[in-house]
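The values are calculated or read from the model by the stated rules, or taken from the named source; none is laboratory data. None of the values given here were measured: they were computed from a predicted structure. Cβ placement follows ideal geometry from the backbone for every residue including glycine, while neighbour counts extend to all protein chains displayed.
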C-alpha cells in the first residue's frame, strides 16, 4: 500500500508531507518501537514508524533511530526535521490503530468481534466464550490479559489491551489462520487511549465496576465513561450485548442500550422475563453444577471445573454473550465443561498426597476475600494461604488483607510479591500488623523468599487441606525495581512435587 493511499483512507484530521521530491513508499507494516523496525524491515517491506507519546518516553525522540533502522515514513503529531515522508495527525496512539487496520486490510471486518469489559472477570469470561466457539466447531483467536492467541499459537501477553498496531497485526494473523471469531478483553486504559481504533464489535459484554485504576481515571464516573465507550464508539451493525443487572453501572448501560443488550443476574426472578439467570446447584473442590435459565425461558444445567459464585457470574455472562451470538445450547454446555483452566484465576492443582493447591491473582483485599470465601466452605481440612503485597502500590490494602487472611484462613504465610523499590521486610510488616490487629489465633509465619515459602506451606499441608498461593497468579517474574527475576508460582508447585515424589493433577 502506498503512503498516499493510506493517507486518503484515514478518517482523522491529518496532513501529509510528500514534498522535497520525496518518494511515495510502499508500506506493509506499522511499528511504534524503533527497536522493532530493524527486526521487521527486511522481511515485511516498507515500515511506517508511529511516534507515540508515553508516560516515560516520547516516540518523536526516537524517530531518527527508526529511520536509520529502515523506516520509510513517519506517523507523528508534529513535523520533524527528518527527510522522509510524514503523516501529521493529532493523538498518534489512537490514530495508529486505524492506520494499521488499513495497512493490514481491515482484518476486523473479516472476523466476528466479541469484546468484554468490566473490572473483574474479563479474562475468565473471554476464555469461556472462546471455548464455546471451539465447541461449536469454529476457530477463534483471543486477545487478553494472559495470552494472545492468533488461532494457531498462543504467546504470553504484555498488556490486557495491546497497542493499536499490535492488535491489528494479531487480527490479521487470526484471519490468515482461518479464524472466524476474535474474543477480546477491552481494558479501560485501552478504551480511553484509543488503542482499539480500527475495531468494531458484533457483541460486547460488561461484568461490573469496582474501584480500580483510579490513579489514572481519578473517579468512578470517568472510569465508567471509559468502559462505556465499548458500547457507544466501538460497536457495529445490529450488535448485541450482555450486561450485569446486579451492578449499578450495568443498570445504567441496560437503561441506555436496552434494545441491543440482554441482562443477566444471579438473583432469582420470573422464568422467561428476558433476564438470563444462574444458580449454583452443587459445588465441591473440583467444580460445580450451575442451573441456567435463558432469557426466553429455556433451562439447562452446566457442569464446570470452576468454583465460586463470582465464577458462576462469569459463566452466566459468557452464556448470555454466546446465546446472543446464536450458538446452540449444546455447544454452550460443552464449551463450559471443557474450558481450560484460566492461568492464575483459582488455577487448581490436585496433589497426590490429598492436598489441593490453588494459584490465584488475588492482589487486593477484595479479591483475597472473594478467593478465601469461595474456597473455605469447600475445604475439608485446614485452609492455608500464602500472600505478599506488591511494592509501590497503595499500602493501605496491606493490613486490610492481612486481617482478612487472619479471619478466614487457618494458616498464613506472609511472603514477597513484587517489592519494586520497597523493602520486602517493610511490606511484610504492614501485612503482619493487619494479622495481629485481628487478634485471632491463626498460625502465622513470614518467609520472604517466595520459593522457600511455597515449599514450606506445601510441606505443612495434610490430606484434605487446601493451599491458596495468591498475589502473582500468571505473572512470570518477581519485580525488584532495578531488575526482574523469572518466577512462576505454578512452576514452584511442580518443582516441590517432583522433589517430594508427589503426583500433580491439573484439572
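Odds and ends about this structure:
- Scanning the stretch 263-302 for residues that are under 23 Å from residue 349 (Cα atoms) and loosely packed, with under 15 Cβ neighbours inside 10 Å returns 282, 284, 286, 289.
- In the stretch 1-18, the residues that are touching a residue at least 24 places away in the same chain (Cβ under 8 Å) form Cβ pairs under 9 Å with partners that are assigned to a strand (DSSP E or B) and surrounded by fewer than 14 Cβ atoms within 10 Å (Cβ to Cβ), at six or more places apart or across chains, as follows: 1/26; 2/26; 3/26; 7/15.
- Among the residues listed as 256, 248, 221, 212, the single one being touching a residue at least 40 places away in the same chain (Cβ under 8 Å), out of contact with any strand residue (DSSP E or B) (no Cβ under 9 Å at 6 or more places or on another chain) and outside the structural domain of residue 364 (by TED's automatic domain parsing): 212
- Listed by first and then second residue, the pairs with beta-carbon distance under 9 Å, at least 6 apart or on different chains, first residue in the stretch 158-174 and free of Cβ contacts under 8 Å to residues at least 24 places away in the same chain, second surrounded by fewer than 24 Cβ atoms within 10 Å (Cβ to Cβ) and part of a helix (DSSP H, G or I), are 158/166.
- Per the conditions (1) surrounded by 13 or more Cβ atoms within 10 Å (Cβ to Cβ); (2) under 24 Å from residue 370 (Cα atoms); (3) out of contact with any helix residue (DSSP H, G or I) (no Cβ under 9 Å at 6 or more places or on another chain), the sole criterion not satisfied by residue 467 is (3).
- Residue check for residue 428: within 21 Å of residue 347 (Cβ to Cβ) and touching a strand residue (DSSP E or B) at 6+ places or on another chain (Cβ under 7 Å): no
- Counting only residues that are in contact with a helix residue (DSSP H, G or I) (Cβ under 9 Å, 6 or more places away or on another chain) and more than 19 Å from residue 377 (Cβ to Cβ), the stretch 248-295 holds 16 of them.
- Any chance residue 384 is touching a helix residue (DSSP H, G or I) at 6+ places or on another chain (Cβ under 7 Å), crowded, with 17+ Cβ neighbours inside 10 Å, modelled with pLDDT of 95 or more and not in a helix (DSSP H, G or I): yes
- In the set (1) part of a helix (DSSP H, G or I); (2) within 21 Å of residue 132 (Cα to Cα), the condition left unmet by residue 256 is number (2).
- Residue match in the stretch 473-484 (condition: surrounded by 24 or more Cβ atoms within 10 Å (Cβ to Cβ) and within 24 Å of the chain's Cα centre (by Cα)): yes
- The stretch 106-215 holds helices (runs of 4 or more DSSP H) entirely within its bounds, and those carrying 3 or more residues that are under 13 Å from the mean Cα position of the chain (by Cα) map to 122-135, 188-192.
- Enumeration of residues in the stretch 52-94 that are assigned to a helix (DSSP H, G or I), touching a helix residue (DSSP H, G or I) at 6+ places or on another chain (Cβ under 8 Å) and within 27 Å of residue 189 (Cα to Cα): 59, 62, 63, 66, 92, 93, 94
- Residues satisfying the stated conditions in the stretch 408-418, i.e. surrounded by fewer than 21 Cβ atoms within 10 Å (Cβ to Cβ) and touching a helix residue (DSSP H, G or I) at 6+ places or on another chain (Cβ under 6 Å): 408
- Restricted to the stretch 308-332, and to residues there that are in a loop (DSSP other than H, G, I, E, B) and modelled with pLDDT of 95 or more, the residue that is farthest from the chain's Cα centre (by Cα) is 328.
Rundown of residues vs (1) touching a helix residue (DSSP H, G or I) at 6+ places or on another chain (Cβ under 7 Å); (2) in contact (Cβ under 8 Å) with a residue 40 or more places away in the chain; (3) more than 30 Å from residue 353 (Cα to Cα), yes/no style:
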| residue | (1), (2), (3) |
| --- | --- |
| 420 | no, yes, yes |
| 424 | no, no, yes |
| 446 | yes, no, no |
| 471 | no, yes, no |
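- Condition met for residue 401 (assigned to a loop (DSSP other than H, G, I, E, B) and over 19 Å from the mean Cα position of the chain (by Cα)): no
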